[in-house]
Amino acid sequence: MMKDENEEIFLQWAGAIGISDSPISNSSCLGHSLSVANFPEAGGRGLAATRVLRKGELILRVPKAALMTSDCLISKDYNFSAALRRCTFLSSTQILSIALLNEVNKGKSSWWYTYLKQLPQSYDLLASFGQFEIEALQIDDAIWTAEKAVQKSKMEWKEANLLMSELKLKPQLITFKAWLWASATISSRTMHVPWDTAGCLCPVGDFFNYAPPDEDPCHLENSAEELFDTNTDRLTDAGYDEAVASYCFYAKRNYRKGDQVLLSYGTYTNLELLEHYGFLLQENPNDKAFIPLEPEMHSLCSWPKESLYISQNGKPSFALLSTLRLWATPVSKRKSVSHIACTGHQISTENEVVVMKWLAKKCHVLLSNCSTSIEEDELLLRIIDRIQDYDPLTTEYGVLAPALNGELCAFFERNSVKRRQSIYRWKLAVQWRYGHKRILFDCISHCNKILSDNPS
Ligand SMILES: C[S@@+](CC[C@H](N)C(=O)[O-])C[C@H]1O[C@@H](n2cnc3c(N)ncnc32)[C@H](O)[C@@H]1O
């Protein structure tokens, strides 16, 4: 069956179970406010505005009965609930992943068959990265995060094996590959519900692609305000509304007809987006670069580790700057100036010069420790695009940039089969390291500017 045909059947099914983008009851699911469209540069399949949408307007309602939750899957499946009682050690996310595979196992007899059929067949979350793509991240912190994601996924899969074999799932649904698919579906598509920490799968609502939150939640002045939940890492401009027993989605800004309607799933760095959703943004205002600090720096201040970073624009965070200022102060004077540092003020010109020199040098060393430069990564990204387009001349690029030779050869050796997906993951890794290096580079420029304004 054609992809569009599947989509058509899915939208009819969604309309019949009450999913609607219209305030008046309507048998069709979409068409009043939204339509499914393809946005190749911003998430692929997504939702477009079919008319002018005003900020704060309710644009989609998905009734509770249409939400796929562990509760609803378990309560309708006696075997599953009986087997689950014997496996009390599984997390809510593992349970929802197994419940999802259990539905897939039912094939056409599953009530969710039409929904399951249109889910993506694979994902590119960090947990699905192979050794080659992990190494392509180049930066220790990111490599560690990716390795941890793979290990965690493997461990959760092993723990889930007992229940999956009790359920007698088909052999291909018990594999690690199937587990990666199920857990990535849960990680990248679930939405927060108050009664289950695993969240829910929300047909049609999970077609919204992501835009980072661009406003401070405290300053929101529209009807979606009360749905803004800074404590959850799920969709924040949508939420479950008990009063109407539905998941409700609101326009987070004004849209023109044809615009892609986006939602903010939360505030994420690019590494976090890769880890939880399998994509990253070329321009992510929430991206950050964490750099290794001297052990002493951590004990100097009470700032949490996560607050010590370089922002996407190359400027050190408030906490990092005040920590560095205090650290650059002679030990005997630290106590008397700590209140100045903690309130974000410059301690002295000499102190600022030491801080900026240290920071610029650190970024410079980190950049020179990488096996490729920013320019080489830029070239590699162009080469990868050509490889994606099956340009036969691409191997010759190694001559243009000898530093890329090893990486290009390693890719071709390992990836004769299943190239498309491997190329895409490799590209994500290179895009990530390129963005990270740009932050370090911009930080050096920022420090140099301050140094030239404060000649020592
Ligand atoms: C909730 S789904 C959104 C709908 C999805 N595009 C689909 O076809 O079903 C989330 C996934 O969409 C993709 N995505 C969402 N926003 C994106 C963006 N701004 N850029 C690239 N990919 C995006 C990622 O693959 C992500 O894991």
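Please verify whether region 314-334 includes one or more residues that are in contact (Cβ under 8 Å) with a residue 40 or more places away in the chain, in the same structural domain as ILE291 (by TED's automatic domain parsing), open to solvent by 80 Å² or more (accessible area, probe 1.4 Å) and closer than 30 Å to ASP140 by Cβ. Reasoning before the result, please.
Going residue by residue through region 314-334, those that are in contact (Cβ under 8 Å) with a residue 40 or more places away in the chain are 314-316.
If we keep only those that are in the same structural domain as ILE291 (by TED's automatic domain parsing) as well, we get 314-316.
When the remaining residues are screened for being open to solvent by 80 Å² or more (accessible area, probe 1.4 Å), the result is 315.
Now narrow it down to the ones that are closer than 30 Å to ASP140 by Cβ: 315.
Among the residues of region 314-334, at least one is in contact (Cβ under 8 Å) with a residue 40 or more places away in the chain, in the same structural domain as ILE291 (by TED's automatic domain parsing), open to solvent by 80 Å² or more (accessible area, probe 1.4 Å) and closer than 30 Å to ASP140 by Cβ, which makes the answer yes.
Tally time: how many residues in region 261-280 are over 26 Å from THR93 (Cα atoms) and within 9 Å of the ligand (Cβ to nearest atom)?
Number satisfying all stated conditions: 0.
Among the candidates SER311, SER264, SER246, which residue alone is more than 13 Å from the chain's Cα centre (by Cα), crowded, with 17+ Cβ neighbours inside 10 Å and in the same structural domain as VAL62 (by TED's automatic domain parsing)? Working first, answer last.
On the way: SER311 fails: in the same structural domain as VAL62 (by TED's automatic domain parsing); SER264 fails: more than 13 Å from the chain's Cα centre (by Cα).
Result of the check over SER311, SER264, SER246: SER246.
Within region 55-68, is there a residue that is over 25 Å from ALA198 (Cα atoms) and basic (Lys, Arg)?
yes
Against the condition touching a Phe, Trp or Tyr at 6+ places or on another chain (Cβ under 6 Å) and within 16 Å of the ligand (Cβ to nearest atom), how does LEU30 come out, does it pass?
Values: touching a Phe, Trp or Tyr at 6+ places or on another chain (Cβ under 6 Å): no; within 16 Å of the ligand (Cβ to nearest atom): yes.
When the stated conditions are applied, LEU30 does not pass them.
Could you list, ordered by first residue, the pairs with Cβ atoms under 9 Å in which the first is in region 39-54 and farther than 23 Å from ASN284 by Cβ and the second is of a type in the set (S, T, N, Q) and within 16 Å of the ligand (Cβ to nearest atom), at least 6 apart or interchain?
From residues that are farther than 23 Å from ASN284 by Cβ, the pairs are ALA49/SER35; ALA49/GLN260; THR50/SER35.
I'd like the full set of residues that are within 28 Å of SER322 (Cβ to Cβ) and surrounded by fewer than 19 Cβ atoms within 10 Å (Cβ to Cβ), limited to region 269-289.
GLU283, ASN284, PRO285, ASN286
Having 2 or more residues that are farther than 27 Å from PHE10 by Cα and open to solvent by 60 Å² or more (accessible area, probe 1.4 Å) is the bar; report the helices (runs of 4 or more DSSP H) wholly within region 74-180 that clear it. Walk me through how you get there before you give the answer.
On the way: elements: 78-85, 92-106, 113-117, 131-136, 140-166.
Counting at least 2 such residues, we get 78-85, 131-136, 140-166.
Counting just the residues of region 175-191 that are within 11 Å of the ligand (Cβ to nearest atom) and among the small types (Gly, Ala, Ser), which one comes out farthest from the chain's Cα centre (by Cα)?
Looking at the filtered set, the residue picked out is ALA184.
Evaluate the following for LEU47: is it within 16 Å of the ligand (Cβ to nearest atom) and either within 23 Å of HIS192 (Cα to Cα) or open to solvent by 70 Å² or more (accessible area, probe 1.4 Å) (or both)?
Yes, satisfied.
Could you please find all residues in region 1-47 being part of a loop (DSSP other than H, G, I, E, B) and at pLDDT below 90? Steps first, answer last, please.
Step one: list which residues in region 1-47 are part of a loop (DSSP other than H, G, I, E, B), which gives 1-2, 17-19, 21-33, 40-43.
Listed by number, the residues that qualify are MET1, MET2, PRO23, ILE24, SER25, ASN26, SER27, SER28.
The values are calculated or read from the model by the stated rules, or taken from the named source; none is laboratory data. Being a predicted model, the structure only gives us computed values, none of them experimental. Every residue, glycine as well, gets a Cβ built from its backbone with ideal geometry; the counts of neighbours run over all protein chains shown. The protein model used for the area step is the full one, side chains on, heavy atoms only, and it has no ligands, DNA or RNA in it. Shrake-Rupley method; radii C 1.70, N 1.55, O 1.52, S 1.80 Å.
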